[in-house]
Amino acid sequence: MTTIAPPADPRLAEGAPATGPDGSARLRATLWTLGVLGAVSTGATVWLGIWVTPPDKVQGNLVRLVYLHPGVAWVALYLAFGLAALASLLYLWPRTRSLVWDRLAAAAVEVGVVFTACTLISGSIWGRPTWGVWWAWDARLTSTAVLLVLFLGYLALRRVPAEPHVRARRSAFAALFAAVDVPIVHFSVLWWRTLHQGATVLNPTLSPEIHGSMAWTLLLGIVALTVDFAWMLVVRYRIGLLEDRLGAEELDRAIDARRAEGGAA
Amino acid sequence: MWRDALLVGGKDLRIEARSRVALAQIAPFGMIVLVLFAFALGPDQSPLVHAAPGLFWVAVLFSTVLAVQRSVAVEAGDATRDGLRLAGLDPAGIFLGKAAAVGAQLLVLQAVLAAGVLLLFGARVVHPWLLLGTCLAGAVGLAASGTLYGALSAGVRLRETLLPFLLLPVVAPVLLAGTRLWQSSLAGGAPDAGASWMRLLLVFDAVYVALGVVVFGPLTEAA
Amino acid sequence: MAPAAPVPAPALFLRGAVALSGRFPLLAGVDLEVAPGEVVLVEGPNGAGKTSLLRVCAGLVPLASGTVRVLGGDPADVRTGVRRRIGLLGHASHLYDDLTVAENLRFAVRAAGAPVDGIGPACERVGLVGRLLRTPAGKLSAGQRRRVALAALVARRPELWLLDEPHAGLDASARGVLGVLVAEAAAAGSTVVVASHEPELVAPLATRAVTVAGGRVVADRATPRPVSTAGTGVADVA
């Protein structure tokens, strides 16, 4: 009744799909396209932002931060975080479960942390001369800071070594738990702020008037930063892919070695 | 699910009744936090009264981390977490039971800390029911999210340091809502927008209880 | 195959089972079938994968690839309810140190959905009586903890017994009791899988011996039919 036939080759369920040679070729092509687009659009934004657009009446050259700050914030708070949440959900959904989504979520968060930090730093640099302080307990600032801590927690969890699918599942759950919290944090911080005292930091007279070349530069800046984000995302994704492939090869060797312990093969 | 929840919750509370960790260690820790705050803010009564709601909720949050870690540790000795899985208990039931046990302990902790705040800081209660309701809603949310994060960190090395890092930013809304509602229920606070803060707290509760019931199985199985 | 009854669904069925711990393969492709009522001895050197095999069968360790079916269901899926019908006596006793022996047993048996009136007789069988029942589990010796775990197993009356080094830490009298209990369980139609380094203790009961090495089954032979389980209609072993 019992068979001692050689067992079916135990391939890991999802080692194979994304590791095909065509996959990496496509990745490389994407990487080149995004890299060139990113370099051109970023260069154009820098040129327009520094040499072409005029300084602001009130803020002077400081206003040029408007070409950087909103774009960085858009990428960090919406694009990176949204992508990480979506990819985590797709991993948890049994029918779409694949380490592809795990790698994508990890890449999005890792790059997102950099962009979130840049958001806070550029906001801080802008805030010091305009508001007179490096940090203000403004609703948007505060919820961005909480988001950064949530992101960092996710990365700390990922650093704990584990089997790829165990880590992927754990991280995806952590992302999910944090994601459902984000709107609640947002509203609580908003009310906390507005109910405490009237908004004083976002003085409307300091807001720059945006028109003409400035608007176009602002828009281009957002596009450039989005492309830069995509490029970094793909680079990070590719590193994750190569790491996983290396791990899978090690696993194949480990299984062979394990079988050799038994003497039969 | 309810049967398993009762069984697991009763078991955890019985363990607490025998070991007295929450009462003999976590509650005194919370009190020490309150006293240290008083030292930091100086002996004048007025800043203490003003800060009382916030200090209370910060102390509750720190105590929650300890209570959750204790709840996780109960299942870590002698592989009892495996025991729960081997028995074929409904994961949603395990979640509700463990969360209910943590919640019950948090209510006791809150009672101790509230007494401390009222006595040491000289705060006066104007709306006792609002105060109670806030404590209850806060305990549910903290217990549910804490149990969820406790399970997430259970199999992870270095969970002692990881858990507060993951949990505390997530429960920040409970701190904000709890503090505002307490300010409304204590003398001298403006009774503003209490309803919307309570709604926020209840939404937080509902989200994390529902999340726990749905995902506790996939989270703890196949670890 | 059993000639009288239609072919029974195997109590245990593994095909190409691979289980991982991190990047280390605990099982590297196990094929095994055990018919209901069999008493199977699992042998093998330390680190061969015996414990992992039993943990996979109990649903504690998910498979990375391959198939496992226990009592017709997937033990890794708690919703199938097969875990309630499996009893694993492993290295851990799953006891809460702060609770008494009686409380631990009551919780374990109720959690598995078994009737609590089986606890008393089970305790007597394994020699847990009197003051010992009211002792916190944290104060017990290693051997006494094993006895409590054994009592919980007996009280649960599982259809599949998975025993991992059951004799470790038990004294002579407890080993004798264990032998009798296994024989009774087999006579009552339960399937028993025993991983042991002391085959002479299990051999008198076993209908079959399986050797595990390197995370695979490398040998499988029938053992002489023991007297105690004769006449239970156990399927022949090829």
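Summary table
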{"item": "Three-way shape call for the protein assembly as shown based on the alpha-carbon gyration tensor, with the a/c threshold at 1.5", "result": "oblate"}
{"item": "Prolate/oblate/rounded label for the stretch B:2-222 (Cα gyration tensor, a/c 1.5)", "result": "prolate"}
{"item": "Whole-number accessible area per residue in Å² for the protein assembly as shown, which is evaluated in the context of all protein chains at 1.4 Å", "result": "43"}
{"item": "Highest-fluctuation residue, C:F13, C:F107, C:F24 considered, GNM on chain C with Cα pairs under 10 Å", "result": "C:F24"}
{"item": "Amide proton proximity set for C:S21, modelled H, under 5 Å, gap of 5+", "result": "C:L26"}
{"item": "Karplus-derived HN-Hα couplings along the stretch A:92-98 (A = 6.51, B = -1.76, C = 1.60, θ = phi - 60°), whole Hz, x at Gly and Pro", "result": "5, 5, x, 6, 10, 5, 7"}
{"item": "Among B:L131, B:L96, B:L36: highest mean-square fluctuation, GNM of chain B, C-alpha pairs under 10 Å", "result": "B:L36"}
{"item": "Cleavage-rule hits (trypsin sites (Lys or Arg not before Pro)) in the stretch A:24-60: DSSP loop, at most 15 neighbouring Cβ within 10 angstrom", "result": "A:K57"}
{"item": "Under Karplus coefficients 6.51, -1.76 and 1.60, residue-wise ³J(HN,Hα) of the stretch C:69-76 in Hz, glycine/proline x", "result": "10, 10, 6, x, x, 8, x, 6"}
{"item": "In order through the stretch B:41-53: 3J(HN,Hα) via Karplus (6.51 cos²θ - 1.76 cosθ + 1.60), integer Hz, x for Gly, Pro", "result": "8, x, x, 5, 6, 5, x, 5, 4, 4, 8, 3, x"}
{"item": "Accessible-area ranking of A:V189, B:V35, largest first, probe 1.4 Å", "result": "B:V35, A:V189"}
{"item": "Area buried, chain C against chain B - accessible surface, total, 1.4 angstrom probe, square angstrom", "result": "2300"}
{"item": "Cα gyration tensor shape of the stretch C:84-183, rounded if a/c is under 1.5, else prolate or oblate by comparing a/b with b/c", "result": "rounded"}
{"item": "Among B:L130, B:A172, A:G212 the positive-end extreme of the charge dipole of the protein assembly as shown (Cβ point charges)", "result": "B:L130"}
{"item": "Cut-off under 5 Å, modelled amide H: who pairs with C:V217 long-range", "result": "C:D31"}
{"item": "Neighbour-limited loop hits for trypsin sites (Lys or Arg not before Pro), the stretch C:18-107 (at most 10 other Cβ within 10 Å; DSSP other than H, G, I, E, B)", "result": "none"}
{"item": "Residue among C:E38, C:E165, C:E184 with the largest mean-square fluctuation in a Gaussian network model of chain C, springs linking Cα atoms under 10 Å", "result": "C:E184"}
{"item": "Per-residue average of Cβ from other chains inside 10 Å of C:52-59", "result": "1"}
{"item": "Positive-pole candidate from B:V112, A:T116, C:P36, dipole of the protein assembly as shown, charges at beta carbon", "result": "B:V112"}
{"item": "Distant-in-sequence amide H partners of C:S65 (H built 1.01 Å from N, under 5 Å)", "result": "C:V18"}
{"item": "Largest to smallest accessible area among B:E75, C:E103 [probe 1.4 Å]", "result": "C:E103, B:E75"}
{"item": "Distance in nm between pseudo-label sites at A:A117 and A:D256 (7 Å out along the Cβ direction from Cα)", "result": "4.1"}
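The values are calculated or read from the model by the stated rules, or taken from the named source; none is laboratory data. Because the structure is predicted, anything quoted here is derived from the model rather than measured. Reconstructed Cβ throughout: ideal geometry from the backbone, glycine too, with neighbour counts over all protein chains shown. Accessible surface is based on the protein model in full, side chains and every heavy atom, while ligands, DNA and RNA are left aside. Shrake-Rupley method; radii C 1.70, N 1.55, O 1.52, S 1.80 Å.
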